[in-house]
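This report concerns only the one structure given below.
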Amino acid sequence: MVELKNVSVHYKEGVDALSNVNLRIEKGEFVFIVGDSGAGKSTLLKLITREITPTEGRVFVNGYNLTNIKKSKIPYFRRSVGMIFQDFRLIDNLNVYDNVAFVMRVTGQSKRDIRHRVPYVLDLVKLTDRAKAYPNKLSGGEMQRVAIARAFASDPGLIIADEPTANIDPGLSYDIVRLLREINKCGTTVVMVTHEHSLVEYFGGRLISLKSGEIIFDDVVGGAGEDE
Amino acid sequence: MNNLSYLLKQGFSSIWKNRLMSFASLCILTVCLLLVGLSGFVMLDCGIILDNVSDKNEISVYMEDDADINHIKDVLNSNTLVTKVRYISPEEGLESMKNQYKDQTELFESLPYNPVPPTYMVTINDLDKIDMAVGQFQVIQGVYKVNAPMDFAGFIEDIRNTFTIVGIALMLSLGAVSIIIIANTTRISVFARRKEIAIMRIVGATNSFIRTPFFVEGMTVGLLSGFTSWILTKVIYEGVFGLFSESLGMWGALGMDNIIKFSDVAVQTLLVYCAAGALLGAIGTVLSMSKHLKI
Ligand SMILES: Nc1ncnc2c1ncn2[C@@H]1O[C@H](COP(=O)(O)OP(=O)(O)O)[C@@H](O)[C@H]1O
Ligand SMILES: [Mg+2]
């Protein structure tokens, strides 16, 4: 599903964001990535979404070799990955329903599919009754749930979340992770970057820890909370 | 189909959101097309008039009724300035006059005698020496009057050359201005929609999908400009054409009755205007997108 082989990223300004990283994430996994600010977490995610290419090494995601993918193929690759950001990135002048429908529309899905799928994903994130609301009327938690619905709308095999709980009330962070875990149960691989160690301690699972651009820990850890 | 209507809608809504700038580009484009188009018409018309009058650039040598026309012919032919001498008998002269003033034939019917003298139409090799030639012809025995043509062809030629230069200058300068304005409009639209564009990229919209609304916007402004300037051209051209045709008798003699009638070329002109407008719109959009919408 996701594979990085001997990957290094050097930004032009002489920063080594990642050095010789090797990583494999299988289909259906739920992975936490932690690390200090500047450790290279976002850089790692940007490699997986093909926002950047590695200076050295190779990246494979969802069967695409991202090191030499054709530019014209990138949009089709991106459709197989859902992305979630800490700043939500919703469109202000579209309501909740249309924010979700928007991504299906711009990736050429039929009106019929949109009419079926959008209510389904809004129900999943429990925002059915907020469908007509505009982003500026939503709480941070609600906005992030819209973003999750949007990422999940085209049923991608992989969801990438970069600190999705950074801008929402701490108490609500758990709901966001629960939602992502629910989506994960349906078979979608989830990779979530966070600096909230409490979340990892609570939920447990595979944990990858980055420090100064290197993986210093990669193993399954037990969670204190909800075991099902 | 679903997609196309969506993209068209996006393009149109973008024009509306960005209406001040769209309107400005529309105006500039319209003025550009109008001025270039009118210059084009003047150029073409001058060409037509030139064809009609170049053979009229002859000196008329009117002779006394009892003049020795063969002798005069020899004298004319021996002049080094003369290249061609053509005889017009009084009867022929009257005929051609009747033809020129078809509407007023009754004028000629009531004539007691033929007032047209025997005439030689003389072509000379150097129009600059026309005054000299006239002077020399006037002193030939039996010649009672020499009429030099005013240098009408030269005058028309000057007009044509001026409008050719003006037309090309306008085309280049206003074309460039139009493209810059359109490019700027696109830049502003791209900026206004940068968030949407970023999200479209993230979720995997294709480049053409992202770009099409801006194309629709630029081309629509171009097409509208084409149409607006076509209407203005029609109004202006037909207004001026009307002025000429009111006094057609005189202008007809100068070949003016053959100039392009707008109604004859209305469809072609509309197509050319719209194509030119759309092309300018497309070039402006592409230039701007390749700079501000790198994908
Ligand atoms: N576009 C960039 N240009 C130059 N340096 C960058 C760029 N993006 C990130 N960096 C640097 O790379 C390192 C890793 O950044 P990042 O992956 O964003 O870390 P994290 O997400 O773990 O906080 C940091 O030192 C950061 O300053
Ligand atoms: Mg980061």
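I'd like to know if segment B:114-122 contains one or more residues that are exposed (fewer than 15 other Cβ atoms within 10 Å of the Cβ), under 30 Å from B:L44 (Cβ atoms) and in contact (Cβ under 8 Å) with a residue 24 or more places away in the chain. Working first, answer last.
Taking segment B:114-122 as the starting set, the residues that turn out to be exposed (fewer than 15 other Cβ atoms within 10 Å of the Cβ) are B:114-115.
Of the ones still in play, those that are also under 30 Å from B:L44 (Cβ atoms) are none.
No.
Among the residues of segment A:12-37, those identified as free of Cβ contacts under 8 Å to residues at least 12 places away in the same chain and of a type outside the set (D, E) are A:K12, A:G14, A:V15. Summed over segment B:63-84, residues that are open to solvent by 30 Å² or more (accessible area, probe 1.4 Å), touching a residue at least 12 places away in the same chain (Cβ under 8 Å) and outside any loop (DSSP other than H, G, I, E, B) total 6. Among the residues of segment A:135-151, those identified as within 14 Å of another protein chain (Cβ to nearest Cβ) and either open to solvent by less than 20 Å² (accessible area, probe 1.4 Å) or not aliphatic (A, V, I, L, M) (or both) are A:P135, A:N136, A:V146, A:A147, A:I148, A:A149, A:R150, A:A151.
Yes/no matrix, rows are residues, columns are (1) modelled with pLDDT of 85 or more; (2) open to solvent by less than 50 Å² (accessible area, probe 1.4 Å); (3) in the same structural domain as B:A133 (by TED's automatic domain parsing); (4) touching a strand residue (DSSP E or B) at 6+ places or on another chain (Cβ under 8 Å):
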residue	(1), (2), (3), (4)
B:S173	yes, no, no, no
B:I179	yes, yes, no, no
B:A192	no, no, no, no
B:A198	yes, yes, no, no
B:V216	yes, yes, no, no
B:T220	yes, yes, no, no
B:I231	yes, no, no, no
B:V235	yes, no, no, no
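The condition (being open to solvent by less than 50 Å² (accessible area, probe 1.4 Å) and out of contact with any Cys (no Cβ under 6 Å at 6 or more places or on another chain)) is satisfied by just one residue among B:S96, B:S60, B:S110: B:S60. Just checking, how many residues over segment A:176-198 are away from ligand 1 (no atom under 16 Å from the Cβ), more than 18 Å from A:Y120 (Cα to Cα) and either part of a loop (DSSP other than H, G, I, E, B) or in contact with a Phe, Trp or Tyr (Cβ under 8 Å, 6 or more places away or on another chain) (or both)? The total comes to 3. Which one of the conditions (1) within 16 Å of ligand 2 (Cβ to nearest atom); (2) within 13 Å of another protein chain (Cβ to nearest Cβ); (3) among the basic types (K, R) does A:K41 fail to meet, given that it meets all the rest? Here A:K41 clears every test but (2). Could you list, in sequence order, the residues of segment B:184-213 that are within 14 Å of chain A (Cβ to nearest Cβ), in a helix (DSSP H, G or I) and not β-branched (V, I, T)? Residues satisfying the conditions are B:A192, B:R194, B:K195, B:E196, B:A198, B:M200, B:R201, B:N207, B:S208, B:F209, B:R211, B:P213. For A:K71, the conditions (1) closer than 13 Å to B:R201 by Cα; (2) of a type outside the set (G, A, S); (3) under 17 Å from the mean Cα position of the chain (by Cα); (4) away from ligand 2 (no atom under 13 Å from the Cβ) are fulfilled apart from (3). Residue selection: A:A161 satisfies the criterion of being in a strand (DSSP E or B), at pLDDT 95 or above and either open to solvent by less than 10 Å² (accessible area, probe 1.4 Å) or among the basic types (K, R) (or both).
Determine whether A:V190 is touching a strand residue (DSSP E or B) at 6+ places or on another chain (Cβ under 9 Å), modelled with pLDDT of 95 or more and buried (at least 17 other Cβ atoms within 10 Å of the Cβ).
Considered against the rule, which asks whether it is touching a strand residue (DSSP E or B) at 6+ places or on another chain (Cβ under 9 Å), modelled with pLDDT of 95 or more and buried (at least 17 other Cβ atoms within 10 Å of the Cβ), A:V190 comes out as yes.
Give the residues of segment A:155-166 that are at negative phi and out of contact with any helix residue (DSSP H, G or I) (no Cβ under 6 Å at 6 or more places or on another chain), sorted by residue number.
Hits for segment A:155-166 are A:P156, A:G157, A:L158, A:A161, A:A166.
Consider B:L8 carefully, then state whether it is away from every other protein chain (no Cβ under 14 Å), modelled with pLDDT under 85, under 23 Å from B:G284 (Cα atoms) and open to solvent by 50 Å² or more (accessible area, probe 1.4 Å). So B:L8 fails the test. Screening A:S110, A:S154 for residues that are within 16 Å of the chain's Cα centre (by Cα), within 11 Å of another protein chain (Cβ to nearest Cβ) and either in contact (Cβ under 8 Å) with a residue 40 or more places away in the chain or more than 22 Å from A:R50 (Cα to Cα) (or both) leaves exactly one candidate, A:S154. Checked against the criterion of being within 11 Å of chain B (Cβ to nearest Cβ) and in contact with an Asp or Glu (Cβ under 6 Å, 6 or more places away or on another chain), the candidates A:F85, A:F77 yield just one match: A:F85. Across segment B:32-63, the qualifying residues are those that are over 16 Å from the mean Cα position of the chain (by Cα) and at pLDDT 80 or above, and the one among them that is nearest to B:G284 (Cα to Cα) is B:I59.
Considered as a group, the residues in segment A:44-59 that are within 16 Å of ligand 2 (Cβ to nearest atom) and of a type in the set (D, E, K, R) include one that is farthest from A:G213 (Cα to Cα), and that residue is A:E51. Residues that are over 22 Å from A:A224 (Cβ atoms) and within 14 Å of another protein chain (Cβ to nearest Cβ) were ranked within segment A:157-183; the one that is farthest from ligand 2 (Cβ to nearest atom) is A:G157.
The values are calculated or read from the model by the stated rules, or taken from the named source; none is laboratory data. All of these numbers come straight from a predicted model, not from anything done at the bench. Here the Cβ is made from the backbone with ideal geometry for all residues, glycine too, and neighbour counts use every protein chain on show. With ligands, DNA and RNA removed, areas are computed over all heavy atoms of the protein, side chains included. Shrake-Rupley method; radii C 1.70, N 1.55, O 1.52, S 1.80 Å.
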